[in-house]
1. Calculate the spin-label point distance for residue 54 paired with residue 80, positioning each point 7 Å from the Cα along the beta-carbon direction, and give it in nanometres.
2. With an 8 Å Cα cut-off and a minimum separation of 6 or more residues, compute the relative contact order for segment 32-113 in percent.
3. For residue 36 and residue 68, what is the calculated FRET efficiency with R₀ set at 25 Å and r taken between the beta-carbons, to the nearest 0.05?
4. Note down the nm distance, to one decimal, between modelled labels 7 Å out along Cα→Cβ at residue 29 and at residue 110.
């Protein structure tokens, strides 16, 4: 007697396979809110020039920012929103290229005050 089994189903649905790899590795403890706000990212190293970016999503303890310049992992930054009065000290958790002159920067917000908008 021959047993046949249905083909294995993927652990991650195909629709999710094209999303951010970080989403498949770990689930967030807090919800991210989609929000596009212009931000100024300034290194604590005054020799580095500030750069602009735009948030993709934010939460109480983190943000994902898209910028034209990369940041170093564990680099400390000052973050300011425009418009709004949000200010924060942040740590770069990851920086991955999205394409030509475009980088996704994951920030852990260490100390924050104000509102994004």
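Just so it is clear, none of the values below were taken in a lab; they were calculated from the coordinates. Note that this is a predicted model, so its numbers are computed, not measured. A quick note on method: Cβ atoms are made from the backbone with ideal geometry, for glycine too, and the neighbour counts reach across all protein chains shown.
1. 2.1
2. Relative contact order comes out at 28 percent.
3. About 0.95, to the nearest 0.05.
4. 1.8
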